[in-house]
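Written below as structure tokens is the structure these notes are about.
The values are calculated or read from the model by the stated rules, or taken from the named source; none is laboratory data. Bear in mind the structure is a predicted one, so any value in this text is a computation, not a measurement. With ideal geometry, Cβ positions are generated from the backbone for all residues, glycine too; neighbour counts draw on all protein chains shown.
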Amino acid sequence: MAAESPAKTLRRILDSPGVHLGPACFDALSAKLIERAGFQYCFTSGFSISAARLGLPDTGFISYGEMVEQGQQITQAVSIPVIGDGDNGYGNAMNVKRTVKGYIHAGIAGIILEDQVSPKACGHTRGRKVVSREEAVMQIKAAVDARRESGSDIVIVARTDSRQAVSLDESLWRTKAFADAGADVLFIDALASKEEMEAFCKISPHVPKMANMLEGGGKTPILTPHELEAVGYKLVVYPLSLIGVSIKAMQEALNAIKNGCIPSPGSMPSFEEIKEIVGFNSYYEEEKRYAVGTSPLSSQRES
């Protein structure tokens, strides 16, 4: 029997009861850690990938090609479905189609597409502007067409940034239109209160909703998973936890080294634990299957 596709697995998660949590990864190692921790899915944060891969802010620097390449490395490292951050599709509706097809080829199970103009801005920072209603809806239609043309079942997550760029009413109108255009999951970024979140979840109630719990001071209130489920959310993403604690841990380790010490044993895994995490032990086990005699080949031939 053929293995279930990542997209089909993600759809099964969407159909299952409860709310489902997905931390953001930024490379293959962070994705492996998410899977080892027992999460059902993860997502690629453009913010974190831009920071980790380029050392630059999430202001439109990272390209389609870089995101596809990073996404493929991530999907090859884990067996759980990965939701990819597709930013604004990197252009017009035709670019959106190419982006969706590229993410499908990279093994991505779902793609988040937003309605910001280029160059885009991080969702909880200043300077966001959105494309017109008509263009935003057409881009979701293009994504749906790309999925059909590819024979794929990739999950299309339609995101709007119009809550902060325009108004709550505008963001509610857009999400309803995105649902009508064929989006599988709806996402309004930077909602400012629990009441706004409740209003959002009443739009197209048959379509699952995604919540973004931006850690450390975003515009959206941080609710518990139980509270989010009660509001009406199905997927909850945590974009900064892993990149944030990684930055803090590296700063502390560098400070220790600068002062002539090494990080304390309790602050980092042992060498054996690190080898296990990155796959040395499983590599050695699999290597045994292909072991052959170690005698050198002879250049002499029988006469």
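Report the residue count in the stretch 32-54 for those that are part of a helix (DSSP H, G or I) and of a type outside the set (A, V, I, L, M, F, W, C). Let's see the steps before the verdict.
So the first thing to find is which residues in the stretch 32-54 are part of a helix (DSSP H, G or I), and the list is 32-36, 46-54.
Right, trim to of a type outside the set (A, V, I, L, M, F, W, C) and you get 32, 35-36, 46, 48, 50, 53.
Number satisfying all stated conditions: 7.
The residues in the stretch 135-173 that are closer than 18 Å to Met210 by Cβ, assigned to a helix (DSSP H, G or I) and among the small types (Gly, Ala, Ser) can be counted, and the count is 4.
Of the residues that sit in the stretch 55-86 and are touching a strand residue (DSSP E or B) at 6+ places or on another chain (Cβ under 8 Å) and part of a loop (DSSP other than H, G, I, E, B), which one is surrounded by the most Cβ atoms within 10 Å (Cβ to Cβ)?
The first filter runs over the stretch 55-86 and keeps only residues touching a strand residue (DSSP E or B) at 6+ places or on another chain (Cβ under 8 Å), leaving 67, 70-71, 74-75, 78, 80-86.
Restricting the remaining residues to those that are part of a loop (DSSP other than H, G, I, E, B) gives 78, 80-81, 86.
Values: Val78: 21, Ile80: 20, Pro81: 26, Gly86: 28.
The extreme case among them is Gly86.
Considering only the stretch 200-215, I want to know if a residue exists there that is in the same structural domain as Phe43 (by TED's automatic domain parsing) and in a helix (DSSP H, G or I). There is at least one residue in the stretch 200-215 that is in the same structural domain as Phe43 (by TED's automatic domain parsing) and in a helix (DSSP H, G or I).
Would you call Ala181 among the small types (Gly, Ala, Ser) and without any contact (Cβ under 8 Å) to a residue 24 or more places away in the chain? So Ala181 does not fit the description; no. Given the options Lys248, Lys176, Lys219, name the one that is of a type in the set (Lys, Arg), in a helix (DSSP H, G or I) and under 23 Å from Ala51 (Cα atoms). None of the others qualify; the one that does is Lys248.
Selection of first residues in the stretch 57-79 that are not assigned by TED's automatic domain parsing to the domain that holds Leu10 and of second residues that are in a helix (DSSP H, G or I) and among the polar types (S, T, N, Q), restricted to Cβ pairs under 8 Å at least 6 apart or on distinct chains, gives an empty result.
All but one of (1) closer than 20 Å to Leu21 by Cα; (2) buried (at least 21 other Cβ atoms within 10 Å of the Cβ) hold for Phe178, so report the exception by its number. It is condition (1) that Phe178 fails. Please determine whether any residue of the stretch 107-128 is in contact with a helix residue (DSSP H, G or I) (Cβ under 6 Å, 6 or more places away or on another chain), surrounded by 18 or more Cβ atoms within 10 Å (Cβ to Cβ) and free of Cβ contacts under 8 Å to residues at least 40 places away in the same chain. Among the residues of the stretch 107-128, at least one is in contact with a helix residue (DSSP H, G or I) (Cβ under 6 Å, 6 or more places away or on another chain), surrounded by 18 or more Cβ atoms within 10 Å (Cβ to Cβ) and free of Cβ contacts under 8 Å to residues at least 40 places away in the same chain, which makes the answer yes.
Residue under question is Ile156, and the condition is that it be buried (at least 19 other Cβ atoms within 10 Å of the Cβ) and under 25 Å from Asn95 (Cα atoms); does it hold? I'd like the intermediate steps shown before the answer.
Values: buried (at least 19 other Cβ atoms within 10 Å of the Cβ): yes; under 25 Å from Asn95 (Cα atoms): yes.
Yes; evaluated as a whole, the condition is true for this residue.
Looking only at the stretch 49-66, count how many residues are under 17 Å from Ala106 (Cβ atoms) and out of contact with any Asp or Glu (no Cβ under 7 Å at 6 or more places or on another chain).
Keep residues of the stretch 49-66 that are under 17 Å from Ala106 (Cβ atoms), which gives 49, 53, 62-66.
Retained after the next criterion (residues that are out of contact with any Asp or Glu (no Cβ under 7 Å at 6 or more places or on another chain)): 49, 62-66.
Looking only at that region, the number is 6.
Of all residue pairs spaced 6 or more apart or on separate chains, those with beta-carbon atoms under 9 Å, a first member in the stretch 138-157 that is over 16 Å from Val207 (Cα atoms) and touching a residue at least 24 places away in the same chain (Cβ under 8 Å) and a second member that is in a strand (DSSP E or B) and among the small types (Gly, Ala, Ser) are Gln139/Ala158; Ala143/Ala158. You will find that of Ala165, Ala146, Ala190, the residue that is farther than 16 Å from Thr220 by Cβ and either buried (at least 23 other Cβ atoms within 10 Å of the Cβ) or not aromatic (Phe, Trp, Tyr) (or both) is Ala146 and no other.
When Ser50 is tested against the conditions (1) over 26 Å from Lys176 (Cα atoms); (2) buried (at least 16 other Cβ atoms within 10 Å of the Cβ); (3) touching a residue at least 24 places away in the same chain (Cβ under 8 Å), the lone failure is (3).
Counting only residues that are surrounded by 11 or more Cβ atoms within 10 Å (Cβ to Cβ) and free of Cβ contacts under 8 Å to residues at least 24 places away in the same chain, which one in the stretch 260-278 is farthest from Gln76 (Cα to Cα)? Quick ask: steps written out before the conclusion?
Step one: list which residues in the stretch 260-278 are surrounded by 11 or more Cβ atoms within 10 Å (Cβ to Cβ), which gives 263, 267-269, 274-278.
Add one more test, that the residue is free of Cβ contacts under 8 Å to residues at least 24 places away in the same chain, and what stays is 263, 267-269, 274-276.
Values: Pro263: 31, Ser267: 29, Met268: 26, Pro269: 24, Ile274: 19, Lys275: 19, Glu276: 18 Å.
Residue satisfying both the conditions and the ranking: Pro263.
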